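Structure record follows, encoded as structure tokens.
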Amino acid sequence: AQTVTQSQPEMSVQEAETVTLSCTYDTSESNYYLFWYKQPPSRQMILVIRQEAYKQQNATENRFSVNFQKAAKSFSLKISDSQLGDTAMYFCAFMKRMDSNYQLIWGAGTKLIIKP
Amino acid sequence: AAGVIQSPRHLIKEKRETATLKCYPIPRHDTVYWYQQGPGQDPQFLISFYEKMQSDKGSIPDRFSAQQFSDYHSELNMSSLELGDSALYFCASSLASGRADTDTQYFGPGTRLTVL
């Protein structure tokens, strides 16, 4: 069974610093998809970034980038030049193929606080 | 760009009452997912629909039922409500294609259900 582990329940950094959130997963599949979602205090669930396992290049979206290490089954999220609006719960998720669609397997989340 | 719409945004019910939550997916999306998220928890998958047929079932109580209609909107019906049903209920939609960029799940703002 696939599992997703986020070992940092809470982190805090100063505004403008760089922060890295860790995520490891376990799967026997060779091709799969990984995601980071953020959930700010409004509790809206927002897609941050996605990575396809067969792509060796790490995904990047503006200040957000991932370090995808397939052999180590690691998928960390780096936030550069952090902003107050980055304060949120961050969930790592593994997308598991089902019969006719996909199912997300979620980590427990990391609460990130950006301090002014 | 159009997003997933959920209604109502907030709902207060008494124990043993019924509730109906509605979800309108992103236009052209054919797959809808329902999740339940308790305070401080990751989302728990309830049920999903693809092309108006139930495609996968998670930890949905027997008191709950759902369906997807011809216009692809979905409704989650909850009966005999219990205090423990108080949670944030998310709907997400995607376009089934076998590719991560379209099978990516996009979430609505959620319906906050409070059972008194």
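The values are calculated or read from the model by the stated rules, or taken from the named source; none is laboratory data. The structure displayed is predicted, hence computed values, not measured ones. Methodologically, a virtual Cβ is constructed for each residue, glycine included, from the backbone with ideal geometry; neighbour enumeration extends over all protein chains shown. Note: accessible area is taken over every heavy atom of the protein model, side chains too, but ligands, DNA and RNA are not part of it. Shrake-Rupley method; radii C 1.70, N 1.55, O 1.52, S 1.80 Å.
Summary of computed values
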read-out: Mean separation of Cα contacts under 8 Å, 6 or more apart, over the residue count of chain B: relative contact order %; value: 36
read-out: Entries of A:LYS70/A:LYS96; A:LYS38/A:LYS115; A:LYS73/A:LYS96; A:LYS111/B:LYS57; A:LYS111/B:LYS22; B:LYS13/B:LYS57 with Cα pairs more than 19 Å apart; value: A:LYS111/B:LYS57; A:LYS111/B:LYS22; B:LYS13/B:LYS57
read-out: Label-point separation, B:ASP62 to A:LYS55 (7 Å along Cα→Cβ), nm; value: 4.5
read-out: Given charges at Cβ of Lys, Arg, Asp, Glu: the protein assembly as shown dipole, positive-most of B:SER70, B:ILE60, A:LEU21; value: A:LEU21
read-out: With all protein chains modelled, accessible area of A:ASP81 [1.4 Å, Å²]; value: 80
read-out: Where A meets B: accessible area buried, both sides, 1.4 Å probe, Å²; value: 2100
read-out: The range A:3-115 - charge dipole about Cα centre, Lys and Arg +1 at Cβ, Asp and Glu -1, debye rounded to 20; value: 120
read-out: Accessible surface of the protein assembly as shown, 1.4 Å probe, proportion on carbon and sulfur as whole %; value: 48
read-out: Mean projection area, nm², convex hull over Cα of the protein assembly as shown; value: 12.7
read-out: Stretch gain in nm, segment A:ASP81-A:ILE46, where the contour uses 0.36 nm per residue and the Cα spacing is subtracted; value: 10.7 nm
read-out: Base-10 log of normalised Debye intensity for the range B:18-87 (one unit scatterer per alpha-carbon) at q = 0.28 Å⁻¹; value: -1.34
read-out: Fully extended contour minus Cα-Cα distance, from A:LYS96 to A:GLN8, at 0.36 nm per residue; value: 29.4 nm
read-out: Rounded accessible area per residue of the protein assembly as shown, 1.4 Å, Å²; value: 47
read-out: A:SER22 accessible area, assembled protein chains, probe 1.4 Å, Å²; value: 40
read-out: Gyration tensor (Cα) of the range A:3-115, equivalent ellipsoid semi-axes in angstrom; value: 24, 15, 12
read-out: Computed log₁₀ I(q)/I(0) - Debye formula, equal Cα scatterers, no solvent, the range A:59-116, q 0.15, 0.19, 0.20 Å⁻¹; value: -0.58, -0.85, -0.91
read-out: Extreme residue, positive dipole direction of chain B, given options B:GLN44, B:LEU81, B:VAL32 (C-beta unit charges); value: B:LEU81
read-out: Residues A:GLU29 and B:ASN77, FRET efficiency given R0 of 25 Å [Cβ-Cβ distance, rounded to 0.05]; value: 0.15
read-out: Protection proxy ranking, peptides B:38-47, B:79-88, B:12-21, average beta carbon neighbours within 10 Å, highest first; value: B:38-47, B:79-88, B:12-21
read-out: Helix-derived mean residue ellipticity, 222 nm - over the protein assembly as shown, DSSP H n ≥ 4, -39500 (n - 2.57), to 500; value: 0 deg cm²/dmol
